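The values are calculated or read from the model by the stated rules, or taken from the named source; none is laboratory data. Since the model is a prediction, treat every value here as computed from it, not as a measurement. Backbone-built Cβ (ideal geometry, glycine too); neighbour counts: all protein chains shown. Areas reflect the complete protein model, heavy atoms only, side chains present, ligands, DNA and RNA absent. Shrake-Rupley method; radii C 1.70, N 1.55, O 1.52, S 1.80 Å.
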Amino acid sequence: MQKLGWPFLAGRNITINKADGVYLYDDRGREIIDAAGGAIVANVGHGRDRVVEAVAEATRQHSYVVPPWLTPSRQAMLDVLGEHWLPDHLTRVHCTSGGTEANEAAMKIALHYQQAIGEANRTKIIGRSISYHGTTLATASISGHPNRKHGLLGALPKFPEVASPYPLRCPLGSYHPNAGQYYVDLLEDIIVSEGPQSIAGFLAEPIIGSSGGAITPPDDYWPAVTDLCSRYGVLLIMDEVMTGFGRTGKKFGHQHWQIEPDILVSGKGLAGGYAPLGGVFASEKIGLAIEEANYPVMFNTFGAHPAACAAAAEVLSIMVEEQLVQRSASMGDYLHQQLHAAFDQHPNVAEVRGKGLFAAIEIVADRESLEKFDIDLQVSGRVVASGLKHGVFYYGGGTGEVRDIVCMGPPFIVSESQCDQIVSVLRQSVDEVIEAI
Ligand SMILES: Cc1ncc(COP(=O)(O)O)c(C=O)c1O
């Protein structure tokens, strides 16, 4: 038999035979706490029989139906999205098979809209310096994620880029009171220098995902950015692939502020990991304009797959019935308290950050000067490996100049004692790695 390369590039290979609740079980039967919820995906936890049944039922009904048509599972997903989840102003739904495709579709929808309303020159979308939006050429290019662009640079389309807010390392000074306005001014400078009439949209995560490790902007940032975008006719495209569907303790991450994005992008938690699904949700104004212009919003063959929509309908219903968004908020508070207790005085941890059950630490060589460890030491990779050895799976983060980040995003059913273990193993792993350096 031919031996096949898996993964594509040689790397660490672990076999997980089973997962249940917040635990993964490897092929030796070892129990591992899934403190990362996979890739910050498994919001309702593993092994939910009713999701399995719903997926099986949808698969029995049909293996496949073209995405624009309705099926019982698509209707069930739309019903729960409309009744419990989406902000009232977002009425148009386009489904893909993941976050990358959803961001790509959202950017195209923004471009279509601007063309449709006669803004023919609005062809640019602004991205941010610390961000991740996906793997296609366009989404990789607009991402502020240098590590994921190696070997591609010459071929990537160009997008204007503005600095992501990073309060810990704001050039005005750490946690400077004017940091929010500082970063808003940078965005206005880019809009003006590129030419306001050339900008179609601004794509950003409300709280930065793993590229920055839950970097949270100052509270005045998002309201001012929203005003700025509407003043300049720029659509605000909120990438909530990681932060959406309860992860940060609100239904959507942007709801920590009083703002209304024009387009909301989701993935990961939408179907809780039970099936591949991404979602783009846009306002009626956008949908109508594109409809009237008769532009296509082309589907992916596997977008809105009936089995994936069945999984989403069930996962989102479980979250409502079990009040898991509230639980993400309250258990998130507990996790953050424990992380602060463990790391606030730690000489090598610069910051504990995030909201709800999305948290991260930034490891540094020196807490006072914020000096980083040498990149070749691969500190966060070693901490993740050590955590795994001690039975907890964390999600490594950071890119380029942002490094040595360890993220956490456990299922919302995580208990206090499991949070205690997540924090104590993290402390042990950080100490072991630093000791070895
Ligand atoms: C914020 C954000 N956007 C987009 C993506 C890409 O989604 P996918 O991996 O499902 O294509 C990710 C994946 O990590 C993400 O975190």
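So here's what we get for this one:
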| read-out | value |
| --- | --- |
| Index of the failed condition, Cys309 passing every other in (1) of a type outside the set (A, V, I, L, M); (2) within 14 Å of the ligand (Cβ to nearest atom); (3) open to solvent by less than 10 Å² (accessible area, probe 1.4 Å) | (2) |
| Meets criteria (within 16 Å of the ligand (Cβ to nearest atom) and out of contact with any Phe, Trp or Tyr (no Cβ under 7 Å at 6 or more places or on another chain)) for Gly38 | yes |
| Count of segment 177-198 residues which are open to solvent by 60 Å² or more (accessible area, probe 1.4 Å) and of a type outside the set (D, E, K, R) | 7 |
| Pairs, first within 16 Å of the ligand (Cβ to nearest atom) and open to solvent by 10 Å² or more (accessible area, probe 1.4 Å) in segment 221-250, second modelled with pLDDT of 95 or more and of a type in the set (S, T, N, Q), C-beta under 8 Å, six or more apart | Val241/Asn103; Val241/Ser266; Met242/Ser210 |
| Single residue of Thr91, Thr71, Thr59 found to be farther than 23 Å from Pro411 by Cα, away from the ligand (no atom under 16 Å from the Cβ), of a type in the set (S, T, N, Q) and touching an Asp or Glu at 6+ places or on another chain (Cβ under 6 Å) | Thr91 |
| From Pro276, Pro296, residue being within 19 Å of the chain's Cα centre (by Cα), more than 25 Å from Met331 (Cβ to Cβ) and open to solvent by 30 Å² or more (accessible area, probe 1.4 Å) | Pro276 |
| Any hit, segment 366-381, residues being in contact with a Gly (Cβ under 6 Å, 6 or more places away or on another chain), under 19 Å from Ala42 (Cα atoms) and not assigned by TED's automatic domain parsing to the domain that holds Gly246 | no |
| Conditions (1) under 27 Å from Ile363 (Cα atoms); (2) open to solvent by 10 Å² or more (accessible area, probe 1.4 Å): number failed by Ser164 | (2) |
| Filtered residue count, segment 147-160, keeping only those that are in contact with a Leu (Cβ under 9 Å, 6 or more places away or on another chain) and either within 11 Å of the ligand (Cβ to nearest atom) or part of a helix (DSSP H, G or I) (or both) | 1 |
| Residue selected from segment 257-267 under the condition under 24 Å from Ser328 (Cβ atoms) and away from the ligand (no atom under 16 Å from the Cβ), by the criterion most open to solvent (accessible area, probe 1.4 Å) | Gln258 |
| Qualifying residues in segment 264-281 (those that are touching a helix residue (DSSP H, G or I) at 6+ places or on another chain (Cβ under 6 Å) and aliphatic (A, V, I, L, M)) - the one farthest from Pro410 (Cα to Cα) | Val280 |
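Residue by residue, here is whether (1) closer than 28 Å to Gly278 by Cα; (2) out of contact with any strand residue (DSSP E or B) (no Cβ under 7 Å at 6 or more places or on another chain); (3) outside the structural domain of Ala140 (by TED's automatic domain parsing); (4) of a type in the set (D, E, K, R) holds:
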position	(1), (2), (3), (4)
Ser164	yes, no, no, no
Asp189	no, yes, no, yes
Gly195	no, yes, no, no
Ile208	yes, yes, no, no
Pro218	no, yes, no, no
